[in-house]
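The values are calculated or read from the model by the stated rules, or taken from the named source; none is laboratory data. Here the structure is a predicted model, which means the values were calculated and not measured. Here the Cβ positions follow ideal geometry from the backbone for every residue, glycine too, while neighbour counts run over all protein chains shown.
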Amino acid sequence: MSAPLLVVDQLAISFPAEAGRVRVVDRVGLSIAPGETLALVGESGCGKSITALAIMRLVPRPGRIETPSRISFDGRDLLSLPVTEMRSLRGGKIGMIFQEPMTSLNPVTTVGSQVLEAIVLHTKVSAGEARRRVIELFEMVGIPDPAMRVGAYPHQLSGGLKQRVMIAMAMAMRPRLLICDEPTTALDATIRAQILELIRNLAATTGTAVLIITHDFGVVNAVADRVAVMYAGQIVEEGTREELLGRPRHPYTQGLLRSIPRPEARGRRLEEIKGAVPRPGQWPAGCRFHTRCPVAFTGCYTEEPVCTRVSPTQAAWCHLVAEEARP
Amino acid sequence: MHWVSNGVVILLIAGSIWVARSVARSRFWRESAIELWRRRRLALVVVGVFVFIALLDSISWIGGARDGDNVAAFQPRTLIDRMVQPEAFKEASYSAPLASVAFYGGQPLRFPGAHLLGTDILGRDVVYRALKGVRVALLIGAFTSLIVIPIALLFGVTAGYFGRRIDDGVFFLMTVLASVPSLLLLIALIMVLGKGTLQVCIALGVTGWVHLCRIARGETLKLREADYVAAARALGVSDTRIILRHILPNIAHLVIITFALLFTGLVLAETILSYLGIGLDGSWGQMIDQARNELSRTPIIWWNLAAASVFLFALVLAVNTIADAMRDIADPRTRREGQ
């Protein structure tokens, strides 16, 4: 395996609260190899979107990335990069697409000129050349009749087409890394499959690494090579798609997978994880999942779990897994 | 000064030819212009006529006065002056619209039946005076808007976009200005700056930017959080470019509607200033001010007030309806799909 393209290490992001700053993301580590697709999975509010924004260094104020954090991309330390260089990296080497294609395009300019902006911002090309590239991109992301659509306004396009435009924008400069923040949540089921297919094909043909953020295991199954599961601002388990979906070790991952409706369980009550995600700043002591964990035991209430490798590629942060792995 | 206004007229004509050509070149603007014409034909014609009159009243040169008219011979006279010949086309005093005898005394007039809206106390033709007021009104509205809009947008958008210190500063300034009665401030400013078109425009501009600034700030505050601004940031777009490409175009329709309200508000504000005796010479406000006493006469002398009011009303109404249509058209979200 080649050297990782993106390494996130000890990432901590804090926001001010009544009693000092609260870390909504803590000790998050990720790594993505070139051409690899990593899915970051978790419930709403677990900190997965803010992690993606942190990689772009776009954590909204008053949020702050705390000191031990390290994010390196292609060997460069992103957190100490000058603002202008960081800006040229965004949209240049790192592309990002968002959850809401409906509102992620400027309503008063044509979609063509918005994709054009992505191109002229990062390269010096003539207007005609840039326009040709836009049409090429539209073709690449499967927009029918691209020459005509460049002059369309966002409200004239469907949600699926808008998401394709967003992908064209993000892919305009052939980025090394594409971050997709819940790219299909706002789309209906058939369009969802098409968009995922598109993302997978683009990643395969261009060799782009993809970080896809989702709460949907259908998406994970469709596109991911590797999966990281987040809970309450921390990674609780990571591994390849086969490992995580086939042999999940962390009780949280197991619970998530059990709560997916499946045909053979028809007629039975759908399982759920009891309780709700604790609020940021009110994390329980010890393992943050112990309040909802069906198999929690003494150590879980007081001590934070450490990383336990269960295979060369799979690891879980769980006392029980550590206990079982002990020889 | 007359060569300045001549130059401005040439610049204006050249500018509007350039604007017209660029409008014709872009499909969006061409269609918008056609749509505007379809919806507001009458109002556009009215404003067009007013603009035409103002232009005629701005081109002037010295000479060509009648013999024996010493004052007029050394003053630049505009095209309107030359068409009407106000030095000659006058009576001794009041005369009713289309009358053939004087209002007081009943002597026959020099131009019986020729004064469409009668004459004022000095025997000057009221139609001529109202026409002269067109230029003053347009000048006040347009020139002050030119001062107000850049200030308001600069302050409002930067305050809304960057927030924090800049926002605090701008908001403080706005609050201070808003807490002083604007009429008081206006009078004080004109006292300091002196009377004159430029001075009055600056005074109106200094007091008038708060409203648009507040709107621009609020809207920017909202747009700053828009998903497409976040998307633009993720594309590596700089703050300046985000403001120019994503924020300003999205508040353009608000600027247009505020511009129209501002324009008409300014024309009306000048009327108030004239009423207080610090307005501009030859404005409709002055006519209305002078008509104050005439209203208490018996029989009543109404044509001065009526002429100024009707002209004022026509301009204000036409500009407002055009702005209303422009807002609908400029905003692609409310725009009807063609065909």
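In the stretch A:43-53, how many are more than 10 Å from chain B (Cβ to nearest Cβ) and not in a loop (DSSP other than H, G, I, E, B)?
So the count comes out to 4.
Would you mind finding the one in B:LEU223, B:LEU189 that is buried (at least 16 other Cβ atoms within 10 Å of the Cβ) and within 14 Å of another protein chain (Cβ to nearest Cβ)?
B:LEU223
Could you say whether any residue in the stretch A:179-189 is part of a helix (DSSP H, G or I) and either of a type in the set (Val, Ile, Thr) or surrounded by fewer than 23 Cβ atoms within 10 Å (Cβ to Cβ) (or both)?
yes
Restricting to the stretch A:132-160, and then to whatever is within 24 Å of the chain's Cα centre (by Cα) and within 16 Å of A:LEU202 (Cβ to Cβ), can you tell me which residue is farthest from the other protein chains (Cβ to nearest Cβ)?
Only one residue fits best here, namely A:GLY142.
If you scan the stretch A:54-85, which residues turn out to be surrounded by fewer than 20 Cβ atoms within 10 Å (Cβ to Cβ), in a helix (DSSP H, G or I) and within 14 Å of another protein chain (Cβ to nearest Cβ)?
A:VAL83, A:THR84, A:GLU85
Which one of these does A:ARG149 not meet: (1) closer than 23 Å to A:THR37 by Cα; (2) surrounded by 19 or more Cβ atoms within 10 Å (Cβ to Cβ); (3) of a type in the set (Lys, Arg)?
(1) is the only condition that A:ARG149 fails.
Does B:ILE147 count as in the same structural domain as B:THR264 (by TED's automatic domain parsing), surrounded by 16 or more Cβ atoms within 10 Å (Cβ to Cβ), at pLDDT 80 or above and farther than 22 Å from B:PHE313 by Cβ?
Yes, satisfied.
Show the residue pairs meeting these rules: Cβ distance below 7 Å; 6+ apart or different chains; first residue within the stretch B:216-240 and within 18 Å of A:ARG57 (Cα to Cα); second residue crowded, with 19+ Cβ neighbours inside 10 Å and polar (S, T, N, Q).
These pairs meet every condition: B:ASP227/A:SER104; B:TYR228/A:SER104; B:TYR228/A:ASN106; B:ALA231/A:SER104.
Just need a number here: residues in the stretch B:287-309 that are in contact with a helix residue (DSSP H, G or I) (Cβ under 9 Å, 6 or more places away or on another chain) and free of Cβ contacts under 8 Å to residues at least 60 places away in the same chain.
Count: 9.
List the number of the failed condition for A:PRO4; all other conditions in (1) over 24 Å from A:PRO312 (Cβ atoms); (2) away from chain B (no Cβ under 14 Å); (3) surrounded by fewer than 19 Cβ atoms within 10 Å (Cβ to Cβ) hold.
Condition not satisfied by A:PRO4: (1).
Does A:THR308 satisfy being assigned to a strand (DSSP E or B) and of a type in the set (Ser, Thr, Tyr)?
yes
Restricting to the stretch B:235-283, give me the number of residues that are away from every other protein chain (no Cβ under 14 Å) and either basic (Lys, Arg) or part of a helix (DSSP H, G or I) (or both).
Final tally of qualifying residues: 19.
Select from the stretch A:90-131 the residues that are within 7 Å of another protein chain (Cβ to nearest Cβ) and either of a type in the set (Ser, Thr, Tyr) or in a strand (DSSP E or B) (or both) and list them in ascending order.
Correct list: A:ARG90, A:MET96, A:THR103, A:SER104, A:THR109.
Inspect all residues belonging to the stretch B:70-77 and state whether any of them is part of a loop (DSSP other than H, G, I, E, B), touching a residue at least 24 places away in the same chain (Cβ under 8 Å) and either outside the structural domain of B:TRP3 (by TED's automatic domain parsing) or more than 27 Å from B:THR264 (Cα to Cα) (or both).
Within the stretch B:70-77 (the criterion being part of a loop (DSSP other than H, G, I, E, B), touching a residue at least 24 places away in the same chain (Cβ under 8 Å) and either outside the structural domain of B:TRP3 (by TED's automatic domain parsing) or more than 27 Å from B:THR264 (Cα to Cα) (or both)), the answer is no, since none of the residues qualifies.
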